[in-house]
1. If only one of B:THR78, B:THR26 is modelled with pLDDT of 95 or more, over 21 Å from B:LEU142 (Cβ atoms), assigned to a helix (DSSP H, G or I) and open to solvent by less than 20 Å² (accessible area, probe 1.4 Å), which one is it?
2. Based on what the data block shows, is B:LEU47 within 12 Å of another protein chain (Cβ to nearest Cβ), part of a helix (DSSP H, G or I) and touching a residue at least 60 places away in the same chain (Cβ under 8 Å)?
3. From the residues in region A:19-34 that are more than 7 Å from chain B (Cβ to nearest Cβ) and open to solvent by 20 Å² or more (accessible area, probe 1.4 Å), which one is modelled with the highest pLDDT?
4. Tell me, please, whether a residue that is crowded, with 20+ Cβ neighbours inside 10 Å, away from chain A (no Cβ under 11 Å) and touching a residue at least 60 places away in the same chain (Cβ under 8 Å) can be found in region B:92-103.
5. Given the conditions (1) assigned to a helix (DSSP H, G or I); (2) in contact (Cβ under 8 Å) with a residue 12 or more places away in the chain, report the number of the one that A:TYR36 does not fulfil.
6. Within region A:44-72, which residues are among the aliphatic types (A, V, I, L, M) and open to solvent by 30 Å² or more (accessible area, probe 1.4 Å)?
Amino acid sequence: MAFVVGINLAVALKLVGVAARVDHRLLMRFYPLHWYAAALILLSGLALLLAYPAKALTNPLFYVKLAALTGGLSIAALWQRRGLAGLDLDRPRMLALVAILLWVITLFAGRFLAYTHSVLLASRSF
Amino acid sequence: MVESLANFAQITGIYAVMNSPWGWPTAESLHFLGLSLLIGTVGVFDLRLLGVGNGISFAALHRLVPWGVGGYLLNLLTGTMFLTTAPDQYLFNPAFQMKLLFMLIAGLNMLLFYSTTAASVRGSAATAGLTARAKTIAAISLLCWSLVIVCGRLITYYRPPYHWCFWC
């Protein structure tokens, strides 16, 4: 999680204008490794979902987290495709700010999930 | 020690904030943001020292490190908020003790890097291979910060009783 969010924040910060000397196309060379970390998150997340399906699926925040995560990873995929091909990015600053916002939402929604669930196990409601 | 930390939380108002419905999860979310910044900059720099992303200038990539330091400071602040609000859940907790140990090793490792190796790394060409010392320091740093995160996660799974306190 830290690596996926971290590298995306680093690329986004660069695109916003911090560390202007770092070439973001080079920074994107870390993206292939980042997909392995993302796969690990998906697998462990799936295990947690299978363990407590009702807990997550009945919480609206879970869908917020899923949407923000999908958005963040889509931006990463777009940046990787265009960046590594050497193409210019459209409105990079705007998209970078959106990416930072999406990752912050993902982290907050994910953490608040542990405190806001109304159902732990479906079997307990019967 | 438990009382003095708890008193600190009471006097500063940390206890009240952390016991509000949103206090603890907000501090945790910020803690996660801080660790992501640390891994995304310092961790990525460590990976670069180890040879990943060959071609990226060391000095240029190092410009992102202050953001990692910022993340670390954010975590020091939020971490203090957790510790002082529920000191008995942390001080006797083996996961917390191990976490502090790995933070200490990472800190000493960082001092070693900046006192012995940083200057030569800064001057190295972006495609150059580094010394074994630089790579070892990077591997220790990456390992320590990963273990700090793992231990931090494990803290939640212990409810330490007072007799776990080995110095009391």
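1. Working: B:THR26 fails: open to solvent by less than 20 Å² (accessible area, probe 1.4 Å).
Step by step, each of B:THR78, B:THR26 is checked, and only B:THR78 is modelled with pLDDT of 95 or more, over 21 Å from B:LEU142 (Cβ atoms), assigned to a helix (DSSP H, G or I) and open to solvent by less than 20 Å² (accessible area, probe 1.4 Å).
2. Numbers: within 12 Å of another protein chain (Cβ to nearest Cβ): yes; part of a helix (DSSP H, G or I): yes; touching a residue at least 60 places away in the same chain (Cβ under 8 Å): yes.
It is true that B:LEU47 is within 12 Å of another protein chain (Cβ to nearest Cβ), part of a helix (DSSP H, G or I) and touching a residue at least 60 places away in the same chain (Cβ under 8 Å).
3. If we take residues in region A:19-34 being more than 7 Å from chain B (Cβ to nearest Cβ) and open to solvent by 20 Å² or more (accessible area, probe 1.4 Å), then A:PRO32 is modelled with the highest pLDDT.
4. There is at least one residue in region B:92-103 that is crowded, with 20+ Cβ neighbours inside 10 Å, away from chain A (no Cβ under 11 Å) and touching a residue at least 60 places away in the same chain (Cβ under 8 Å).
5. The number of the failed condition is (2).
6. Of all residues in region A:44-72, those among the aliphatic types (A, V, I, L, M) come to A:46-51, A:54, A:56-57, A:61, A:64, A:66-69.
Hits for region A:44-72 are A:LEU46, A:ALA47, A:LEU48, A:LEU49, A:LEU50, A:ALA51, A:LEU57, A:LEU61, A:VAL64, A:LEU66, A:ALA67, A:LEU69.
Listed here are the residues, each with its yes/no results for (1) buried (at least 22 other Cβ atoms within 10 Å of the Cβ); (2) in contact with a Pro (Cβ under 9 Å, 6 or more places away or on another chain); (3) not acidic (Asp, Glu).
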site	(1), (2), (3)
B:GLY13	no, no, yes
B:MET18	no, no, yes
B:LEU37	yes, no, yes
B:THR41	yes, yes, yes
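The values are calculated or read from the model by the stated rules, or taken from the named source; none is laboratory data. Because the structure is predicted, anything quoted here is derived from the model rather than measured. Virtual Cβ from ideal backbone geometry, glycine too; neighbours counted across all protein chains shown. Just so you know, the surface numbers come from the protein's heavy atoms only, side chains and all, with ligands and any DNA or RNA stripped out. Shrake-Rupley method; radii C 1.70, N 1.55, O 1.52, S 1.80 Å.
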